[in-house]
Amino acid sequence: MAQVVAPRVTRRTVGVIADGAFKVVLAAVFIAGAAPLGRLLGTPAWLLVVSGVALLIGGGIEIGYTRSRSTATYTRLMVAYDSGWVLAALAGFLMAWRGSGAGGEVWIGYQTAAPLVFAALLAAATPAKM
């Protein structure tokens, strides 16, 4: 009888899937709550919907490439993404603290562009050796 070897599931793999799933959940929240979140963040509702779509695409691609890309590639991309997320959140907070209404737009703008860049880099990455 032939034996089928399943790919090894590691803590990093679970982390990659959780990161993609978080993006998908955040996308659903942005899309479903665009109007109230837009008022809270001082951004137009359409920007939250566009950001939600970008997060949905990025999270879906991230989950989809789990088996074909190395966890080292994922780790580098997630560190870069999350570092940018922190910087965008700090910039948005500082702008809001100083009285600017653009703080929410900076943060949501990052949430719109970064998942698509992440997904494009992941798609362009060299497939993992099986």
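Each reported figure results from applying straightforward, stated rules to the coordinates on display, with no laboratory input. Everything numeric in this text was worked out from a predicted model, so none of it was measured. Every residue, glycine among them, receives a Cβ derived from its backbone with ideal geometry; neighbour counts consider all protein chains shown.
Strictly greater than 11 Å: what percent of every Cα pair in the stretch 55-95 meets that? Let's see the in-between values first.
Details: 569 of 820 pairs.
When all Cα pairs of the stretch 55-95 are counted, 69 percent exceed 11 Å.
Give me the Debye-computed log₁₀ of I(q)/I(0) at q = 0.10, 0.21 Å⁻¹ for the chain, equal point scatterers on Cα only, no solvent, two decimals. For the chain at q = 0.10, 0.21 Å⁻¹, log10 I(q)/I(0) is -0.37, -1.16. With both labels modelled 7 Å from their Cα along Cα-to-Cβ, the residue 98 to residue 85 distance reads 2.5 nm. Each listed q (0.12 Å⁻¹) maps to a log10 I(q)/I(0) for the stretch 1-76 from the Debye sum over equal C-alpha point scatterers, namely -0.45.
The order of 19, 82, going from fewest to most other C-beta atoms within 10 Å of their C-beta, is 82, 19. In a fully extended conformation the segment linking residue 116 and residue 46 would gain 23.5 nm over its present Cα-Cα distance, using 0.36 nm per residue. Compared with the dominant Cα axis of the chain, that is its longest principal axis, helix 45-64 is turned about 10°.
Eigenvalues of the Cα gyration tensor times 5, then square-rooted: what semi-axes does that give for the stretch 55-130, in whole angstrom, largest first?
On the way: eigenvalues 183, 26, 10 Å².
Computed over the stretch 55-130, the values are 30, 11, 7 Å.
Our helix-only sum for the chain, with -39,500 (n - 2.57) per DSSP H run of n ≥ 4 divided by its residues, gives a mean residue ellipticity at 222 nm of -26000 deg cm²/dmol.
Taking Lys and Arg as +1 and Asp and Glu as -1, the other residues whose beta-carbon sits under 14 Å from that of residue 61 total +1. Taking every C-alpha pair closer than 8 Å and separated by at least 6 residues, the mean separation divided by the residue count of the chain gives a relative contact order of 30 percent. You can think of it this way: the chain between residue 17 and residue 123 has 36.6 nm of extra reach, that is 0.36 nm per residue less the Cα-Cα gap.
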